[in-house]
Amino acid sequence: MDARVIYATETGFAKELSQQTVSRLRKSFPNLEMLPIDAVSIDSLANASTVFFIASTAGEGEPPGHAVDFSLEVMGRPQPLTSLRYALLALGDSSYDEYCAFGHQLDQWLQSSGASRMFKTIDVDDGDDKAVNQWFSEVAKIHA
């Protein structure tokens, strides 16, 4: 079963959380692969069964720099992802008007593409430990 942890990061925090997510999921998903979002194509998403997204928002609601092409080219229209199940951790800072905007846009696109959410998207405000721990608690319940 193909499973991936895909991250979009501006400061490196999403990548760090992705590495922790991979280490917690390794027993349930032995072939788990971790990728930056700029290394992901629609074909690789369509061929995955389970994806854990960790997505930061940069500036005033923009995707991180390395996620811009993905947001424009892949997320430009709904894709056939009906066999994909996913979880999403949206990182942001509530002092900005567009709090967790890229994560929310990614979630809306996945929903419009027919993907199935495994649990409600979790928003993390400026690295909030409680929300991060909630993510790890939910992730621990997921099995291949």
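The values are calculated or read from the model by the stated rules, or taken from the named source; none is laboratory data. Just so it is clear, the structure is predicted and the values come from calculations on it, not from any experiment. Quick reminder, even Gly has a Cβ in these numbers, built from the backbone with ideal geometry, and neighbours come from all protein chains shown. The protein model used for the area step is the full one, side chains on, heavy atoms only, and it has no ligands, DNA or RNA in it. Shrake-Rupley method; radii C 1.70, N 1.55, O 1.52, S 1.80 Å.
General observations
- Solvent-accessible area of the range 20-113 (1.4 angstrom probe, protein heavy atoms only): carbon and sulfur portion equals 46 percent.
- Highest average packing first - 128-139, 80-91, Cβ atoms within 10 Å: 80-91, 128-139
- Summing Cβ point charges (Lys, Arg +1; Asp, Glu -1) relative to the Cα centre of the chain gives a dipole of roughly 940 debye.
- For the range 3-9, backbone phi angles converted through the Karplus equation (6.51, -1.76, 1.60; θ = phi - 60°) give residue-by-residue couplings of 10, 9, 10, 10, 10, 10, 10 Hz, Gly and Pro being listed as x.
- Accessible surface, the chain, averaged per residue in Å² (probe 1.4 Å): 49
- Full-extension gain in nm, Q20 to S44, via 0.36 nm per residue minus C-alpha separation: 6.4 nm
- Taking label positions 7 Å along the Cα-Cβ direction at both D128 and L35, the computed distance is 3.1 nm, reported to one decimal.
- Modelled FRET efficiency - R0 30 Å, Q108 with F136, Cβ distances, 0.05 increments: 0.80
- Value of D in µm² per second that Stokes-Einstein yields for the range 3-141, Kirkwood Rh from Cα pairs, at 10 °C (1.306 mPa s): 108
- Positive minus negative residues near M75 (Lys, Arg vs Asp, Glu; Cβ under 14 Å): -4
- Gain in span if fully extended, H143 to D69, counting 0.36 nm per residue against the direct Cα distance: 23.5 nm
- FRET efficiency, 1/(1 + (r/R0)^6) with R0 41 Å, evaluated for R77 and K27 via beta carbons: 0.65
- Measuring nothing but how far apart in sequence close Cα pairs (under 8 Å, 6+ apart) lie, relative to its length, the range 3-141 scores a relative contact order of 24 percent.
- The distance separating the Cα centre of the range 105-126 from that of the range 1-66 comes to 13 Å.
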